[in-house]
Amino acid sequence: MEFTVSRRPELMMEPVWLLVGAAILAVSLIFFFMLFKYRIRHRKRIKKAARPPKKIGVAFAREKALHSIDNIIQDLSHSRIDIRESYQRLSMIMRIFVTDVSGRDVTSLTLSELKSSDLKKLAKLIEKWYAPEFAMKTRADFINDAKQAKNVVETWN
């Protein structure tokens, strides 16, 4: 008994399918290469953007804070914002000013953390503004408080 191995006609493969498979493989390799290259470039951009902000000059920070306080007074007088929002903005402006001048991030510190630090002037102002800042209605004198904030900005060392 003799055995021979031969392909049956229904299992034979056309050479065109070999070329199609090679083309699909080449396109896939090019796609994954480009994807990998883009991801590396994207990671480099993220690393560049994550650098800490530079400490800006005291004079520029002072002018920026004074201008922002004036804008809040103007918005309040034209009824674009209410008294509560004006105190919230004033508090944030003072925190940003101290952060810019000192280089220490104080924008997220609580009042007790501010009191325990060496920023007594800021802690005193923020403590005074807590009631009008969180109350739904208040009778606080915002113009007087804004003038005190300007005075602190102008005399900050």
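Only the coordinates and a few stated rules stand behind these numbers; no lab work does. The structure displayed is predicted, hence computed values, not measured ones. So basically every Cβ, Gly included, is an ideal-geometry build from the backbone, and we count neighbours across all protein chains shown.
Set the Förster distance to 22 Å, then compute FRET efficiency between ARG104 and HIS67 from the Cβ-Cβ distance, nearest 0.05.
For R0 = 22 Å, the calculated efficiency reads 0.45.
Largest first, please: the extent of the C-alpha atoms of region 58-155 along each principal axis, to the nearest Å.
Reported extents, whole Å, longest axis first: 34, 29, 19.
Find how much the distance from ASN144 to SER117 grows on full extension, using 0.36 nm per residue of separation minus their present alpha carbon separation; answer in nm with one decimal.
So the chain would gain 7.1 nm between ASN144 and SER117.
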